[in-house]
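Only one structure is covered here, and it is reproduced in the block below.
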Amino acid sequence: MNSRFDEISAIRALLLTVLAAALCLVSFGAGPPTELPKDLLSQWSRFQAALRTDDVKLLAEVTHFPLESNEFGGNIKSGDVLATRYKTIFPEKTKKCLLASTLKREESEGDVYYDVYCDVGAYPIRFIFSKVGSRYYFTGIDNINE
């Protein structure tokens with residue numbers, strides 16, 4: 001009777017060990033996302049609010065000009081130019097994508113920036129936020145096929 005009890009205890013211990021190891025692997029692999037800087041979160045919230053309400057003036061406030069763009073007629077030099085191109089750059093599908101997205105941290109050649117990809121048209125477009133001076137701004141639109 002003791003050997004049967006010992007066998008069950010050993011199997012139970014083994015199962016608990018495997019379960020604990022699996023939970024550790026899952027929790028390390030799916031840890032919380034890297035927190036975004038507070039200023040960036042603020043600017044991202046304002047950017048999304050501008051899209052939600054079609055507030056081009058607010059959008060211009062969170063944008064660094066010239067806004068680099070290899071699409072939509074090239075670089076955008078001012079808030080006035082952004083206003084004229086707004087509906088082309090931000091059709092409803094793109095706005096929905098941006099409103100549902102989370103910025104991702106990226107690094108290239110030592111520069112850190114944050115971006116969102118929206119693949120809702122003929123090709124994916126990347127929207128980029130970078131630090132300019134001490135603040136984050138909407139700094140680029142990239143047709144990643146070009």
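What whole number of Å gives the distance from the Cα centroid of the stretch 80-96 to the Cα centroid of the stretch 32-67?
Centre-to-centre distance over Cα atoms comes out at 14 Å.
Taking a threshold of 19 Å on the Cα-Cα distance, which of the pairs Lys38/Lys87; Lys95/Lys131; Lys57/Lys95; Lys57/Lys77; Lys38/Lys93 fall above it? If you can, show how the numbers build up before the last one.
Numbers: Lys38/Lys87 29 Å; Lys95/Lys131 23 Å; Lys57/Lys95 16 Å; Lys57/Lys77 14 Å; Lys38/Lys93 27 Å.
Where the Cα-Cα span goes over 19 Å, the pairs concerned are Lys38/Lys87; Lys95/Lys131; Lys38/Lys93.
What translational D, rounded to a whole number of µm²/s, comes out for the stretch 38-143 from Stokes-Einstein when the hydrodynamic radius is the Kirkwood one over Cα pairs, at 10 °C and 1.306 mPa s?
Working: Rh = 13.7 Å.
The estimated diffusion coefficient comes to 116 µm²/s.
Computed from the coordinates by the stated procedures, all read-outs in this text should not be read as laboratory data. It should be emphasised that the depicted structure is a prediction, and the values quoted were computed from it without experimental measurement.
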